[in-house]
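Here is the structure we will look at, set down as structure tokens.
The values are calculated or read from the model by the stated rules, or taken from the named source; none is laboratory data. Small disclaimer: the values here were computed from a predicted structure and weren't measured. Glycine gets a Cβ as well: all are built from the backbone with ideal geometry, and neighbour counts include every protein chain shown. Accessible surface areas use protein heavy atoms only, side chains included; no ligands, DNA or RNA. Shrake-Rupley method; radii C 1.70, N 1.55, O 1.52, S 1.80 Å.
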Amino acid sequence: MPEPTAKPLPPQTPEWAPFFEAAARGVLGVPRCQNCGAFRFPPRPVCPECLATNFAWESVSGRGEVWSYVVMHQVYHPAFAAEVPYAVVLVRLVEGPKIVSRLLDVAPGEIRIGMPVIATFVLVGGGIYLPMFRLANPV
Ligand SMILES: [Zn+2]
């Protein structure tokens, strides 16, 4: 049994399996429409651009920029109590898709929109790696 104060882990569903398999290899994987080439993230059964259903997972660079962020002051889960206030960032990857994550080693008050970031992969428990981000040199 997990500790009651352990952080919740992302559910391991079949549609997300390639994402977590890639993350365990240190790669950021994103589904891409095989009809029009649009990335579709998070994974969904139908392309938002052309409605095609065929897709394949592709590796992307892991580079991007802070597109938006929020600073969490409320403790929504006891496992995060020691971390408030902490930021949740929305990173826009250079390939276009946006991903919700954390920005490591940057205080919430120091985060700025447009900061260049690069993915790093953090073992969060249960053998699961999550992509998080660090500051990077400008692209
Ligand atoms: Zn498409």
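With a sphere of radius 13 Å drawn around the Cβ of residue 133, what net charge do the other residues whose Cβ falls strictly inside it have (Lys, Arg +1; Asp, Glu -1)? Provide the component values of the computation, followed by the final result.
Working: positive: 63, 92, 98, 102, 134; negative: 65, 105.
Cβ neighbours under 13 Å give a net charge of +3.
Round to a whole number: what % of the accessible area of segment 70-139 belongs to carbon and sulfur, probe 1.4 Å?
Values: 2260 of 3890 Å².
With neighbouring chains kept in place, the figure for segment 70-139 is 58 percent.
Could you let me know the centre-to-centre spacing of segment 78-116 and segment 1-63, using Cα atoms, in angstrom?
So the two Cα centres are separated by 19 Å.
What does the helix-only formula give at 222 nm for the chain: each DSSP H stretch with n ≥ 4 adding -39500 (n - 2.57), the total divided by the residues, and the result rounded to the nearest 500 deg cm²/dmol? Could you put the intermediate results ahead of the total?
Details: 1 runs with 8 residues, N = 139.
Helix contribution divided over all residues of the chain: -1500 deg cm²/dmol.
What number comes out for the charge environment of residue 31, summing +1 per Lys or Arg and -1 per Asp or Glu over other residues with Cβ under 15 Å away?
Details: positive: 32, 40, 44, 98; negative: 15, 21, 49, 58, 95.
In short, -1.
State in Å² the accessible area per residue of the chain; use a 1.4 Å probe, count heavy atoms of protein chains only, and round to the nearest integer.
Working: 8130 Å² over 139 residues.
The answer is 58 Å² per residue.
Return the Rg/Rh ratio of the chain with Cα-based radii and a Kirkwood Rh. Don't skip to the end; give the middle numbers.
Details: Rg = 15.9 Å, Rh = 16.1 Å.
The Rg/Rh ratio comes out at 0.98.
Take the chain, connect every pair of alpha-carbon atoms lying under 10 Å apart with a spring to form a Gaussian network, then pick out the residue of 38, 22, 82 with the largest mean-square fluctuation.
Ranking 38, 22, 82 by mean-square fluctuation puts 82 first.
Sort 120-128, 26-34, 94-102 by the packing proxy (mean of other Cβ within 10 Å over each peptide's residues), most packed first. Before the final figure, lay out the partial values.
On the way: 120-128: 13.4, 26-34: 18.9, 94-102: 16.1.
Descending packing order for the listed peptides: 26-34, 94-102, 120-128.
Of the beta bridges DSSP finds with both residues in the chain, what % are antiparallel, to the nearest 5? Don't skip to the end; give the middle numbers.
Working: 30 of 31 bridges.
Looking only at bridges with both residues in the chain, the antiparallel portion is about 95 percent.
Hey, if you put +1 on the Cβ of every Lys and Arg and -1 on every Asp and Glu Cβ in the chain, which of 91, 54, 13 ends up farthest toward the positive end of that dipole?
54
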